[in-house]
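Read the structure below first, then the notes.
The values are calculated or read from the model by the stated rules, or taken from the named source; none is laboratory data. Everything quoted here is computed from the prediction, not taken from an experiment. Don't worry about glycine lacking a Cβ; one is built from the backbone with ideal geometry, like all the others, and counts go over all protein chains shown. For accessibility, only protein heavy atoms count, side chains too; no ligands or nucleic acids. Shrake-Rupley method; radii C 1.70, N 1.55, O 1.52, S 1.80 Å.
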Amino acid sequence: MPVKGAGILLGRRVLAAGAAVGVLSTAIPYAFEMEALRRLPRSVFGVLMSLEPAVAAAIGFLALSQGLDAVEVLAIGLVVIASAGALRSAAAPPPTDG
């Protein structure tokens with residue numbers, strides 16, 4: 001049985017809006033990430049990429065009123081701590097023998 005109103009999803013305006021959302025939400029952030037990869041040290045870029053889920057969860061919590069379980073908050077905290085530790089160890093100069 002066909003769904004009422006399903007044909008409107010194939011309209012030009014709806015398809016154009018879907019394409020625009022696809023480009024704006026995928027292609028543009030990807031281009032920015034590739035530019036950042038060219039300019040930042042790889043260790044810093046890796047840490048920033050590992051923090052993306054934590055930032056997304058925080059934005060969801062603050063802007064969209066999405067709840068977080070205690071386990072999720074703990075997991076985000078552990079990722080942030082691990083990222084900070086990785087960044088700190090990457091920035092430390094190698095020990096010299098002498």
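Observations on the model:
- The residue pairs whose first member lies in region 7-26 and is of a type outside the set (Lys, Arg), whose second member is surrounded by 10 or more Cβ atoms within 10 Å (Cβ to Cβ) and part of a helix (DSSP H, G or I), and whose beta carbons are closer than 8 Å, counting only pairs six or more residues apart or on different chains, are Ile8/Val14.
- Of all residues in region 10-25, those satisfying the criterion of being open to solvent by less than 70 Å² (accessible area, probe 1.4 Å) and part of a helix (DSSP H, G or I) are Val14, Ala16, Ala17, Gly18, Ala19, Ala20, Gly22.
- Of all residues making up region 38-87, the number that are of a type in the set (Gly, Ala, Ser) and touching a helix residue (DSSP H, G or I) at 6+ places or on another chain (Cβ under 7 Å): 6
- Cβ-Cβ contacts under 7 Å between residues 6 or more apart (or on different chains), taken from a first residue in region 46-68 that is in a loop (DSSP other than H, G, I, E, B) to a second residue that is surrounded by 12 or more Cβ atoms within 10 Å (Cβ to Cβ) and modelled with pLDDT of 85 or more, are listed as Gln66/Gly60; Leu68/Ala57; Leu68/Phe61.
- Among the residues here, Ala36 qualifies as surrounded by 10 or more Cβ atoms within 10 Å (Cβ to Cβ) and in a helix (DSSP H, G or I).
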